[in-house]
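A short worksheet on the structure shown next.
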Ligand code: ZN
């Protein structure tokens, strides 16, 4: 596995790739498994919850999302994992339904590290996508962090950056400290 370079919004050459409407992936493709492993490694190295192929310079319709494990503290101060981390590999994803209702979220992007802004997103989306074998799957009414991350990643595949979704640009700012819990990047 290898950590790939993450392309940046504020680099003119990188931005050309990030602004590309990505092409569909033809499945099955034996090389994809290794690429997906590299993407997870790159995402972990950058503390993200998602990553899209164009962010490592490949204009193809492939993205990943990882929900962190849910950890609860017991009364004695020890912790217990109540839900394990969940990984999603979405190939050729299509948002087929959405709530029609928006919520503002504090959003960041691994292609603009350290910057966060208030982005309106649908409260839930239903997405269809293929897995590595080519089988079509549907995730119904993905909400919360998962629904948000899917919308951010599908935008990447369409060449849309989170900074273009921000309505009030005064909310876009650089966070020099450790990001808060509600500040996630993908
Ligand atoms: Zn991003």
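Here, each number is a calculation from the coordinates, and none is a lab measurement. What you see is a predicted model; the values in this text were computed from it and never measured. Note: ideal-geometry Cβ built from the backbone for every residue, glycine included; neighbour counts use all protein chains shown.
Annotations for the structure displayed:
- When only alpha carbons are used to place a centre, region 118-157 and region 94-110 end up 9 Å from one another.
- Highest GNM mean-square fluctuation among 121, 74, 105, for the chain modelled with Cα contacts below 10 Å: 74.
- Ranked 156, 44, criterion: other C-beta atoms within 10 Å, fewest first: 44, 156
- The calculated FRET efficiency for residue 182 paired with residue 160, based on their beta-carbon distance and R0 = 22 Å, is about 0.50.
- Length-normalised contact order of region 12-185 in % [C-alpha pairs under 8 Å, at least 6 apart]: 25 percent
- By the beta-carbon count within 10 Å of each Cβ, the least crowded to most crowded order of 154, 96, fewest first, is 96, 154.
- Note on the chain: GNM, Cα springs under 10 Å; of 53, 37, 85, the largest mean-square fluctuation is that of 85.
- Gain upon complete extension [residue 169, residue 82; 0.36 nm per residue less C-alpha separation]: 27.6 nm
- Against the compact-protein benchmark of 2.2 N^0.38 Å, the Cα-based radius of gyration of the chain scales to 1.02.
- Within region 52-76, backbone nitrogen closer than 20 Å to the virtual label 7 Å beyond the Cα of residue 37 toward Cβ: 52-53, 56-58, 62-66
- Ellipticity at 222 nm from helices only: DSSP H runs of n ≥ 4 in the chain, each -39500 (n - 2.57), divided by the residue count, give -6000 deg cm²/dmol.
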